[in-house]
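Any read-out appearing in this document is the output of simple, stated calculations on the displayed coordinates, not a laboratory observation. Just so it is clear, the model here is predicted, and its values are computed rather than measured. Cβ: placed from backbone, ideal geometry, glycine included. Neighbour counts: every protein chain shown.
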Ligand SMILES: [Zn+2]
Ligand SMILES: [Zn+2]
């Protein structure tokens with residue numbers, strides 16, 4: 001499928017199920033296989049947090065950013 005983006009025609013691959021568009025066919029294939037209409041597999045272990053993610057790395061990042069009590073950088077520790 002061809003759309004106009006930033007004034008230029010561009011080939012995109014739309015998801016047949018949800019309409020999300022991808023620049024690369026492999027991204028669409030990954031989306032359909034892993035994300036589209038799939039329940040997120042990974043849920044946050046923190047009580048009261050209902051964050052869920054399709055990918056483990058997303059959950060890891062969420063936990064680090066939202067629930068980590070460690071300072072983000074070791075250099076800011078106990079100065
Ligand atoms: Zn989709
Ligand atoms: Zn969480």
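Scanning region 30-46 turns up at least one residue that is in contact with a strand residue (DSSP E or B) (Cβ under 9 Å, 6 or more places away or on another chain) and within 11 Å of ligand 1 (Cβ to nearest atom). Here residue 67 passes the criteria (1) within 16 Å of ligand 2 (Cβ to nearest atom); (2) in contact with a helix residue (DSSP H, G or I) (Cβ under 9 Å, 6 or more places away or on another chain) except the one numbered (2). Test residue 56 against the stated conditions and say whether it is under 30 Å from residue 67 (Cβ atoms) and loosely packed, with under 13 Cβ neighbours inside 10 Å. Criteria met by residue 56.
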